[in-house]
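Participant: Below you'll find the structure I mean.
The values are calculated or read from the model by the stated rules, or taken from the named source; none is laboratory data. Source: prediction; values computed, not measured. Ligands, DNA and RNA are stripped out before the accessible areas are found, and what is left, the full protein with its side chains, is counted by its heavy atoms. Shrake-Rupley method; radii C 1.70, N 1.55, O 1.52, S 1.80 Å.
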Amino acid sequence: MLDISIQIVNYKTKKYLLDCVDSVIHDLENTNIFYKILILENNSGENLCDLEEKYKTEKISFYYSDKNLGFGGGHNFLSKKQTSKYLFILN
């Protein structure tokens, strides 16, 4: 079972997303915490395919919404995809 799911909703913040994800992975890599990162591209028009390729061996799932769900709606969407004991909403 996962200890924690880390949710990130992207809306025109791709330029920050890479640094954010890298720092989360770095901070958790030498721990005994079982985690997964869930990223929602919230219909901002940004293509995250290059990030999906970069992180294909990491514990990350990418989701795409066909409409902008807003910040809360985006996290509600992601929360239905996770099965961990804890949920961390990262903004």
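Participant: Straight-line reach from residue 12: which lysines have Cα under 21 Å away, leaving out those fewer than 8 places along the same chain?
Facilitator: 54, 67
Participant: Using the heavy atoms of the protein chains alone and a 1.4 angstrom probe, what is the accessible area of the chain per residue in square angstrom?
Facilitator: Working: 5730 Å² over 91 residues.
Per-residue accessible area for the chain comes out at 63 Å².
Participant: Could you tell me which of rounded, prolate or oblate describes the chain, using a ≥ b ≥ c as the square roots of the eigenvalues of the alpha-carbon gyration tensor, with rounded for a/c under 1.5 and, failing that, prolate when a/b is larger than b/c and oblate otherwise? Display every interim value, and only then the final one.
Facilitator: Values: a/c = 1.95, a/b = 1.28, b/c = 1.52.
The shape class here is oblate.
Participant: Measure off, as a whole percent, the carbon and sulfur share of the 1.4 Å-probe accessible area of the chain, all protein chains present. Could the numbers behind the result be given before it?
Facilitator: On the way: 2930 of 5730 Å².
For the chain, the apolar C and S fraction of the accessible surface comes to 51 percent.
Participant: Just from its helices, what would the mean residue ellipticity at 222 nm be for the chain, if runs of 4 or more DSSP H residues each count -39500 (n - 2.57) and the sum is divided by every residue, rounded to the nearest 500 deg cm²/dmol?
Facilitator: On the way: 3 runs with 31 residues, N = 91.
So the calculated ellipticity at 222 nm is -10000 deg cm²/dmol.
Participant: To the nearest 10 degrees, how steep is helix 14-28 against the longest Cα principal axis of the chain, on a 0 to 90 scale?
Facilitator: The answer is roughly 10 degrees.
Participant: Let me ask another. Using only Cα atoms, find the angle between the long axis of helix 70-79 and the longest principal axis of the chain, and express it within 0 to 90 degrees, rounded to the nearest 10.
Facilitator: 40
Participant: Which aspartates and glutamates does residue 56 reach when only Cα atoms under 17 Å apart count, and residues fewer than 8 places away in its own chain are ignored?
Facilitator: 19, 22, 29, 41
Participant: Normalising by the residue count of the chain, find the relative contact order in percent from Cα pairs under 8 Å and 6+ residues apart.
Facilitator: Numbers: 134 pairs, mean separation 42.5, N = 91.
Relative contact order of the chain: 47 percent.
Participant: Work out, step by step, the length gained on full extension between residue 79 and residue 46: first 0.36 nm times the residue separation, then minus their alpha carbon distance; give nm to one decimal.
Facilitator: Details: separation 33, 0.36 × 33 = 11.88 nm, distance 2.18 nm.
9.7 nm is the gain from fully extending residue 79 to residue 46.
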